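In what follows, a structure is listed as structure tokens, so that the remarks can point back to it.
The values are calculated or read from the model by the stated rules, or taken from the named source; none is laboratory data. If you're wondering where the values come from, they're calculated on a predicted model, not measured in any experiment. Cβ sites come from the backbone with ideal geometry, for glycine too, and all protein chains shown count toward neighbours. Calculation scope for accessible area: heavy atoms of the full protein, side chains included, ligands and nucleic acids excluded. Shrake-Rupley method; radii C 1.70, N 1.55, O 1.52, S 1.80 Å.
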Amino acid sequence: MSEAVNAKQNIDLLSLTYEELEELVLSVGEPKYRTAQLFSGLHRGLLPHKITNVGKRVAQKLAAVATCYFPEIAQKYVSAVDGTVKYLLRLSDGNCIETVLMRYKHGNTVCVSSQVGCRMGCTFCASTIGGKVRDLSAGEILSQIITAARDTHERVDNIVMMGIGEPLDNYENVLKFLHIVNDSRGICIGYRHISLSTCGHADGIRALAREELPITLSLSLHAHSDEVRSAIMPINRRWNISEVLSACLEYYRTTGRRISFEYTLIKGQNSSVEDAAALAALLNSALRRGESFPIHVNLIPVNPVKETGLMPPDAAAIKAFSAELERRGVRATVRRTLGPDINASCGQLRRAAAEKQ
Ligand code: SAH
């Protein structure tokens, strides 16, 4: 294979930072100002030859050295209840991922996937059932925001990295995506409007802290003892609760950003009032240490996944759990289920599509 062909396969226009795009523009003999036109056009979902002012000649020069691919909307579901839109997107190699647009009072939030599948193995999660197929590139993560904005003709105000995959297991590409989506010459979403959720990759949390980006970190905690957490989340055998909470403390001290703790309520496993008391004790002792560490717990009644057979506790038990946390000084909210009529918790659409094939 010639070098030119290799180069063409390697450069993906959507994965380029502004500076990298500028380098490419100069390397094909175009003036610097083309970069601004291309960067903003690409991030509005236009292929180079469709961008006003850019023209066919420039598009051809770029096409000789780089590729650009916007995912195809394979399936789309719109909730009649609250307008939530759920997409199954097909990537250039045929793999599918899920992206969700949620409408809140404070604006539109898009939930993006960071990998095709996941290798973390949490027992309650549909995304991990077939393991990890591959990482998404920075451009493929970005293209989910672009697709949702283009399809709805609406602005995306917030991003949550809570879709398929473990973002800190695809660190470099996720970080590049964060830089690109934050760039004021493109989509321009402030770091304070971005949340990243992790199952507890302590090294990744510490690395992210060192980047000093003011993004919100969510830790999927789901249990108050190592015994239970290791049984439902294999990553706990690598970094246990004490190690991951100490990484969270470091994240808070470095960035000053509040950390939220996700706690999936599973009937009969982690959702009794005693569990709530133990969870509050754990967080208070591990994190407060004389500091005013703001602790917020998001309670998520488990979404039933047919392969797991797990069920959420009833409404009274959820209320009692939440009240017990509050009584012990831990703020808690029960996550509202959006799009109840298009209910397919993350990973389930992709699995259904894969099974059909
Ligand atoms: N890998 C990251 C982000 C993806 S999952 C993480 O683990 O945080 C986003 C959130 O949904 C996590 O808190 C995850 O534990 C939770 N989740 C996964 N499957 C679920 C299910 N069936 N019901 C409720 N929450 C679930």
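I'd like the carbon and sulfur percentage of the solvent accessible area for the chain, probe radius 1.4 Å, heavy atoms only, ligands and nucleic acids excluded. Don't skip to the end; give the middle numbers.
Values: 8010 of 15720 Å².
For the chain, the apolar C and S fraction of the accessible surface comes to 51 percent.
How much net charge surrounds L42 when only the other residues with a Cβ under 14 Å from the Cβ of L42 are counted, with Lys and Arg +1 and Asp and Glu -1?
Working: positive: R34, R44, K50, R150, R185; negative: D12, E20, E22, E140, D183.
In short, 0.
Normalising by the residue count of the stretch 10-107, find the relative contact order in percent from Cα pairs under 8 Å and 6+ residues apart. Don't skip to the end; give the middle numbers.
Working: 114 pairs, mean separation 18.2, N = 98.
Answer for the stretch 10-107 is 19 percent.
Amide H neighbours of V160 under 5 Å, at least 5 residues apart or on other chains, H built in the peptide plane: list them.
Here the answer is V110, C111, V112, S195, since their amide H atoms fall under 5 Å of that of V160.
Tell me the relative contact order for the stretch 2-63 as a rounded percent, counting alpha carbon contacts under 8 Å between residues six or more apart. Could you put the intermediate results ahead of the total?
Numbers: 41 pairs, mean separation 15.0, N = 62.
After rounding, I find 24 percent.
Considering just Cα atoms, how many Å³ per residue does the convex hull of the stretch 1-118 enclose? The partial results should precede the final answer.
Values: hull volume 18.1 nm³, N = 118.
Spread over its residues, the Cα hull of the stretch 1-118 gives 153 Å³ apiece.
Let me know the shape class of the stretch 295-336, please: from the alpha-carbon gyration tensor, a ≥ b ≥ c as square roots of the eigenvalues, rounded when a/c is under 1.5, otherwise prolate if a/b is greater than b/c, or oblate. Could the numbers behind the result be given before it?
Values: a/c = 3.21, a/b = 2.11, b/c = 1.52.
Cα axes put the stretch 295-336 in the prolate bin.
Could you give the accessible area per residue of the chain, probe 1.4 Å, as a whole number in Å²?
On the way: 15720 Å² over 357 residues.
Heavy-atom SASA per residue in the chain reads 44 Å².
Before rounding to the nearest 500, sum -39500 (n - 2.57) across all DSSP H runs of length at least 4 in the chain and divide by the residue total; then give [θ] at 222 nm in deg cm²/dmol. Write out the running numbers ahead of the final one.
Numbers: 12 runs with 128 residues, N = 357.
The helix-only estimate for the chain comes to -11000 deg cm²/dmol at 222 nm.
Tally Lys and Arg at +1 and Asp and Glu at -1 over the other residues with C-beta under 11 Å from the C-beta of A278: what net charge comes out?
Values: positive: R328; negative: E274, D275, E324.
It works out to a net charge of -2.
Using the Cα centre of the stretch 72-356 as origin and beta-carbon charges of +1 (Lys, Arg) and -1 (Asp, Glu), tell me which of M233, L101, L249 is placed farthest towards the positive end of the dipole.
Comparing the listed Cα positions along the dipole, L101 ranks first.
Which entries of K76/K176; K319/K356; K56/K105; K56/K86; K32/K176 show an alpha-carbon separation above 30 angstrom in the structure shown?
K319/K356; K56/K105; K56/K86
Students often forget the sequence filter, so: which aspartates and glutamates lie under 18 Å Cα-Cα from K50 once same-chain residues fewer than 8 apart are removed?
Here the aspartates and glutamates satisfying the reach criterion relative to K50 are D12, E30, E72, D151.
Over the chain, what is the relative contact order in percent, taking alpha-carbon pairs closer than 8 angstrom and at least six residues apart? Mind showing how you got there, number by number?
Numbers: 671 pairs, mean separation 53.5, N = 357.
Reported relative contact order: 15 percent.
Nearest-5 percent of antiparallel DSSP beta bridges in the chain?
Working: 20 of 46 bridges.
Beta bridges within the chain, antiparallel portion: roughly 45 percent.
Can you pull the one-decimal nm distance between simple spin-label points at A281 and K56, each 7 Å off the Cα toward Cβ?
7.5 nm
Take peptides 76-86, 111-121 and line them up by average Cβ neighbours within 10 Å, highest first, as a rough protection proxy.
Working: 76-86: 16.3, 111-121: 23.3.
Descending packing order for the listed peptides: 111-121, 76-86.
Return the Rg/Rh value of the chain, two decimal places, where both radii are evaluated on C-alpha atoms and Rh is the Kirkwood radius.
On the way: Rg = 21.4 Å, Rh = 21.5 Å.
Checking Rg against Rh, the ratio lands at 1.00.
Would you mind getting me the FRET efficiency between N240 and V334? Use the beta-carbon distance for r and R0 = 25 Å, nearest 0.05. All intermediate terms of the calculation are to be shown ahead of the outcome.
Working: r = 27 Å, r/R0 = 1.08.
So, using R0 = 25 Å, E works out to roughly 0.40.
Hey, with R₀ at 51 Å, roughly what FRET efficiency would H49 and K105 work out to, going by the Cβ-Cβ distance, to 0.05? Working shown, then result.
On the way: r = 39 Å, r/R0 = 0.77.
After rounding to 0.05, the efficiency reads 0.85.
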